[in-house]
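Worksheet: one structure, shown below.
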Amino acid sequence: MSLFEWKPPQSFKNYDLDLNIVKKYATSGVFFHIDKGNSKIVHIKSGQVIYTVGSSNKVQYQLLEALLEYIVKRFNEIFDLDVILSYENVSKNMFNSFKSEVEKILENFNELDLIETIKARCRVCDKILSIHVKKSFIENADDFPVPLVYEHAGHAILIFIDRNFDVRGVELVNTTG
Ligand SMILES: [Zn+2]
């Protein structure tokens, strides 16, 4: 069952979650990306709950992951899910107050300081690209430099980022899927 949903008031779009894919592959702690053409979806399983966020395809996945990570944290701080989900009947109404929390998070997203923006040169585009990197991705890394693949315009670069968010190298990589 769905516990809580939020979308911007002006949005007519439905980012319907493909529950079959999510249920089949959801592994706790791993972010899944689903490319829907002109939109994209990120989901993560944490405990018994699957969290998901959708946006236009112009938003980089690392931004969506950072947002979702913070939402998961706040949702679990506010609601004791282990207790709530052990009830026989869970009323969705009890999560209504989270609506204003989501709005607050989105309004103050920059102040939350969850993102670092790095610059990397792509020799295919012959451009310096601005790439958003989730701070927790670097801060929780075990080894440095940390590799990050940035797919764009039909090709991909592999960027190596050190613990100070400096780019240590950029390679053109092949991808498949
Ligand atoms: Zn490029």
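The values are calculated or read from the model by the stated rules, or taken from the named source; none is laboratory data. Worth saying up front: this structure is predicted, and the values here are computed from it rather than measured. All Cβ positions, glycine included, derive from the backbone under ideal geometry; neighbour counts span all protein chains shown.
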Could you tell me whether the stretch 162-177 includes any residue that is within 19 Å of Y61 (Cα to Cα), crowded, with 16+ Cβ neighbours inside 10 Å and touching a helix residue (DSSP H, G or I) at 6+ places or on another chain (Cβ under 7 Å)? no
State which residue is nearest to the ligand (Cβ to nearest atom) when the search covers only the stretch 151-165 and only residues that are assigned to a loop (DSSP other than H, G, I, E, B) and of a type outside the set (S, T, N, Q). A153
Residue identified as in contact with a Phe, Trp or Tyr (Cβ under 9 Å, 6 or more places away or on another chain) and of a type in the set (S, T, Y) among Y87, Y70: Y70
Please determine whether any residue of the stretch 82-103 is more than 26 Å from E139 (Cα to Cα), surrounded by 12 or more Cβ atoms within 10 Å (Cβ to Cβ), β-branched (V, I, T) and not assigned by TED's automatic domain parsing to the domain that holds H152. yes
Within the set of pairs 6+ apart or on separate chains, which have a first residue in the stretch 12-28 that is more than 12 Å from I50 (Cβ to Cβ), a second that is modelled with pLDDT of 65 or more and not polar (S, T, N, Q), and C-beta atoms under 6 Å apart? Y15/I41; Y15/G54
Would you tally the residues in the stretch 120-150 being within 11 Å of the ligand (Cβ to nearest atom), in contact (Cβ under 8 Å) with a residue 12 or more places away in the chain and farther than 14 Å from Q60 by Cα? 6
Go through the residues of the stretch 68-78 one by one and say whether even a single one is touching a His at 6+ places or on another chain (Cβ under 9 Å) and either within 23 Å of E151 (Cα to Cα) or of a type in the set (F, W, Y) (or both). yes
Restricted to the stretch 71-107, and to residues that are in contact (Cβ under 8 Å) with a residue 24 or more places away in the chain and basic (K, R), which residue is nearest to V42 (Cα to Cα)? R74
